[in-house]
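Read through the structure below, which is laid out as structure tokens, and then see the notes.
The values are calculated or read from the model by the stated rules, or taken from the named source; none is laboratory data. Note that this is a predicted model, so its numbers are computed, not measured. Glycine gets a Cβ as well: all are built from the backbone with ideal geometry, and neighbour counts include every protein chain shown. We work out accessible area using only protein heavy atoms, side chains counted, and drop any ligands, DNA or RNA first. Shrake-Rupley method; radii C 1.70, N 1.55, O 1.52, S 1.80 Å.
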Amino acid sequence: MLSDLKNLLDLQVADREITRLKEEIAALPKRVAAIEEQLAGTKAVLERAKTAVKADDAAKRKYESAIQDLRQKVSKYRDQMLDVKTNEQYKALQHELNFAEKDISANEDKILELMINAETREKEVKAAEADLKTETAEIEKEKTEARQKTVEDEKLLAEWNAKRDSYRSGIGGDLLRHYDRVVKLRRTGLSEVRDHKCMACQVMLRPQTYNDVRAGEQVVVCDSCQRILYFDPSTEAPTAPPS
Ligand SMILES: [Zn+2]
């Protein structure tokens, strides 16, 4: 095989690896950002759960203080009932007393409801705290891994870039320009020839073109897609044994 062609094949491998490494390096911070976003979500859940507990506590204190006030009223009404002169006055006080007692009972119901809710609220806070702990540990691990992977990838990238430069310096100027142009246009600049076809664009080659590619003594370009053609004997279909 021509050394130009051999270098082009190596260059193609290097270009692919460089693209892969660059993509991987770019993807790592995104992965970390995604987990950080999840972590922020869990923090918000925990904050909401804690706020709900605080709000319930405040409400409970409000109901308790209302009950205290109402009990004082009840006691006051009872004292006043001892001193009433008329039946109307007695009835009016009785009415106020009943009303206050109903109010006490309603406030007590609300406190009970809050106490039942408190169990659920507590579970929510505990669950969110546990999630936060797990996710915090996970993100630290992911960050460390991402940092290590980035260092490794950067090292490999530098190595591949050096290889790429050396392959490029071993290829003739015109051919290299042609390769770069086709890569820019079609993402790949080389195509294997198999069964008389350009494997990249699937167009059949003329017999002379096919023979030239097989001989490997000159650079041949696909008429249809302009990729530089090469022949790999190891992928050739085995010929039938002579009978
Ligand atoms: Zn082609």
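Evaluate the range 219-232: report whether one residue or more is more than 10 Å from the ligand (Cβ to nearest atom) and open to solvent by 70 Å² or more (accessible area, probe 1.4 Å). No, because not a single residue in the range 219-232 is more than 10 Å from the ligand (Cβ to nearest atom) and open to solvent by 70 Å² or more (accessible area, probe 1.4 Å). Total residues in the range 157-180 satisfying the condition of being free of Cβ contacts under 8 Å to residues at least 40 places away in the same chain and open to solvent by 50 Å² or more (accessible area, probe 1.4 Å): the figure is 9. The condition (being without any contact (Cβ under 8 Å) to a residue 24 or more places away in the chain and over 30 Å from Glu37 (Cβ atoms)) is satisfied by just one residue among Leu114, Leu82: Leu82.
Could you tell me whether the range 194-210 includes any residue that is in contact (Cβ under 8 Å) with a residue 60 or more places away in the chain, open to solvent by less than 80 Å² (accessible area, probe 1.4 Å), farther than 22 Å from Ile25 by Cα and not hydroxyl-bearing (Ser, Thr, Tyr)?
No: zero hits.
Per-residue answers, yes or no, for (1) assigned to a helix (DSSP H, G or I); (2) under 30 Å from Lys6 (Cβ atoms); (3) touching a helix residue (DSSP H, G or I) at 6+ places or on another chain (Cβ under 8 Å):
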{"site": "Lys102", "(1), (2), (3)": "yes, no, no"}
{"site": "Asn107", "(1), (2), (3)": "yes, no, yes"}
{"site": "Thr120", "(1), (2), (3)": "yes, no, no"}
{"site": "Ala128", "(1), (2), (3)": "yes, no, yes"}
{"site": "Ala137", "(1), (2), (3)": "yes, no, no"}
{"site": "Glu142", "(1), (2), (3)": "yes, no, yes"}
{"site": "Thr150", "(1), (2), (3)": "yes, no, yes"}
{"site": "Asn161", "(1), (2), (3)": "yes, yes, yes"}
{"site": "Ser191", "(1), (2), (3)": "no, yes, no"}
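Restricting attention to the range 175-207, the residues that are of a type outside the set (D, E, K, R) and away from the ligand (no atom under 13 Å from the Cβ) add up to 6.
Of all residues in the range 118-141, those that are touching a residue at least 60 places away in the same chain (Cβ under 8 Å), of a type outside the set (Gly, Ala, Ser) and farther than 15 Å from Thr42 by Cβ total 2.
For the range 233-241, the criterion of being part of a loop (DSSP other than H, G, I, E, B), of a type in the set (S, T, N, Q) and surrounded by 11 or more Cβ atoms within 10 Å (Cβ to Cβ) is met by no residue.
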